[in-house]
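Enquirer: Sending over a structure as structure tokens; questions will come in a sec.
The values are calculated or read from the model by the stated rules, or taken from the named source; none is laboratory data. In this text the structure is predicted, and so the values were computed from the model without any measurement. Reconstructed Cβ throughout: ideal geometry from the backbone, glycine too, with neighbour counts over all protein chains shown.
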């Protein structure tokens, strides 16, 4: 019998809000500055001791604060370090500028690793799944733009899912989901001016999949770098902006 999932504490959302406020206070105070005692912070933010403890736990996990006991103790701003600065810059995550070009750039950098893992983990079932995705992409050439683009991204999602789940799979999969969400506003038929690019994109994807099935990662990378392949996605991304 699977274990029963514990309900999420109602204090967690409140704790995250308080954690943000304490983190801002720590940034303003500077590294190692004393922020106050637990009691002083609880009174300053008007929260229960349980909520404060959860907020402090969240901040300690990222190195944004430290808690000391005994005389002269209390809650202190964390040490400044490259790692803690990076964590602070990502919490909360704010992405400025067009999202699709950023995700495309990251995926392009990850592609050699993704393809190498796919080649190493290729199985008969994986090859069959890829062929099915290419068949769906072929059928989508005569459909609407959103279906074609989604079918292409589904090919890459299948490639990512071939090796056993790991950090690379999780990262690449997350970026692909972001791309799919970014392109959700696409609608309408494929523009005639894009027909040649759509056909070249389809052929590049088909050849890329064939190379992966033959365990030729370099050949697959070459086809994925086709200018028409990348250009089509940039064009549809611009159209997808609501």
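Enquirer: Inside the stretch 34-129, counting only helices (runs of 4 or more DSSP H) that do not spill past its ends, which hold 3 or more residues that are modelled with pLDDT of 90 or more and outside the structural domain of residue 158 (by TED's automatic domain parsing)?
Expert: 38-45, 49-61
Enquirer: Next question, about the same structure. Is at least one residue of the stretch 132-146 closer than 19 Å to residue 103 by Cβ, buried (at least 16 other Cβ atoms within 10 Å of the Cβ) and modelled with pLDDT of 80 or more?
Expert: So far as the stretch 132-146 goes, no, none of its residues is closer than 19 Å to residue 103 by Cβ, buried (at least 16 other Cβ atoms within 10 Å of the Cβ) and modelled with pLDDT of 80 or more.
Enquirer: Residue 197: surrounded by 14 or more Cβ atoms within 10 Å (Cβ to Cβ) and either touching a residue at least 12 places away in the same chain (Cβ under 8 Å) or touching a helix residue (DSSP H, G or I) at 6+ places or on another chain (Cβ under 6 Å) (or both), yes or no?
Expert: yes
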